[in-house]
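> Provided herewith is a single structure, encoded as structure tokens, for subsequent inquiry.
The values are calculated or read from the model by the stated rules, or taken from the named source; none is laboratory data. All of these numbers come straight from a predicted model, not from anything done at the bench. Counting neighbours? That spans all protein chains shown, and the Cβs are built from the backbone with ideal geometry, glycine included. Only protein heavy atoms, including side chains, enter the accessible area calculation; ligands, DNA and RNA are left aside. Shrake-Rupley method; radii C 1.70, N 1.55, O 1.52, S 1.80 Å.
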Amino acid sequence: MSAARAAHIAPLELPGRRLYLRTLVDSDHAAWYEVRSRCRDWLVPWEPRPAGTPPASEDRASFSARCALRERERQIGTGFGFGIFVDDRFAGEVTLSSIQRGPFQSASIGYWIDRDLAGQGLVPEAVVVTLRFAFETLGLHRVEISIIPRNAASRRVVEKLGLRVEGLAERYLEIDGVWEDHIRFAVTAEEWQERGHELVADWLGVEH
């Protein structure tokens with residue numbers, strides 16, 4: 001899908017309590033780039049990247065291509081990438097990616113937040129919004145979040161939500177040129193049916 005065609009498709013928006021999630025469009029580049037530039041040293045060490053490969057380009061053309069790719073994934077149902085917005089200010093991203101249908105019905109969640117907004121419970125709220133979408137709109141059966149053990153900030157997100165630990169996946173993903181172990185956390189549709197109302201009430205402030 002071209003960037004021009006993607007621009008004509010209405011963004012998808014999901015409401016939270018203090019924030020909302022919205023698929024990114026070309027006009028978000030300036031705000032996105034400002035946060036990425038300011039927080040680069042804080043973010044890049046945790047991002048997937050093969051050894052010897054420079055960080056992905058962040059210019060406007062590359063951002064437009066990225067938006068178009070994410071829109072294509074949305075249209076075919078293999079992934080959803082959202083910006084996190086707080087008071088209409090771009091604050092970070094959350095993705096629901098690697099969606100597998102058939103007998104798997106599974107996906108993975110990833111996220112990052114502006115360093116200046118970290119620790120305020122915004123990412124757990126964004127994750128609950130994403131989980132609700134994954135289970136109640138997309139009908140998935142399992143969603144996982146994989147985290148490098150020493151990434152304390154990311155681990156606090158799943159700990160606040162009380163997500164189930166599945167175990168350690170050794171040398172699971174190449175992060176900033178190093179094959180890193182990851183702790184895998186997961187939620188199934190059965191667990192969401194049991195705990196979803198509690199998470200929605202606690203984090204989104206609405207009865208479920």
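> What does the charge add up to near residue 106, with Lys and Arg as +1, Asp and Glu as -1, over the other residues with Cβ less than 14 Å from its Cβ?
Net local charge, residue 106 excluded: -1.
> Let me ask you something else. Just add up the charged neighbours of residue 194: K/R +1, D/E -1, any other residue whose Cβ is under 15 Å from the Cβ of residue 194.
In short, -1.
> Additional query: Once the other residues with Cβ under 13 Å from the Cβ of residue 23 are scored (Lys, Arg +1; Asp, Glu -1), what is the net sum?
-1
> Report the dimensions of the chain along its three principal axes from the alpha-carbon atoms, largest first, rounded to Å.
44, 38, 37
> Indicate, rounded to the nearest 5 percent, the antiparallel portion of the DSSP beta bridges found entirely in segment 136-208.
Expressed as a percentage, antiparallel bridges in segment 136-208 total about 100.
> With a ≥ b ≥ c the root eigenvalues of the C-alpha gyration tensor of segment 29-89, is it rounded (a/c under 1.5), prolate (a/b larger than b/c) or oblate?
oblate
> Turning to a different aspect of this structure: Using the Karplus equation 6.51 cos²θ - 1.76 cosθ + 1.60 (θ = phi - 60°), what ³J(HN,Hα) coupling, rounded to whole Hz, does each residue of segment 179-186 give in order, writing x for Gly and Pro?
Karplus values, whole Hz, x for Gly and Pro: 6, 9, 5, 9, 7, 9, 10, 8.
> Work out the charge dipole of the chain with +1 on the Cβ of Lys and Arg and -1 on the Cβ of Asp and Glu about the Cα centre, then indicate which of 80, 124, 203 is farthest towards its positive end.
Positive-most Cα among the choices belongs to 80.
> Something else about it: Averaged per residue, what accessible area in Å² does the chain show with a 1.4 Å probe, protein chains only?
51 Å²
> Right, here's the next one. Once a ≥ b ≥ c are taken as the square roots of the eigenvalues of the Cα gyration tensor of segment 93-160, is the result rounded (a/c under 1.5), prolate (a/b larger than b/c) or oblate (a/b not larger than b/c)?
prolate
> About its Cα centre, how strong a charge dipole does the chain have in debye, to the nearest 20, once Lys and Arg get +1 and Asp and Glu get -1 at the Cβ?
Magnitude of the dipole: close to 260 debye.
> Next up: List the residues whose amide H sits under 5 Å from the amide H of residue 16, counting only those 5 or more places along or on another chain, with H placed 1.01 Å from N in the peptide plane.
Under 5 Å from the amide H of residue 16: 21.
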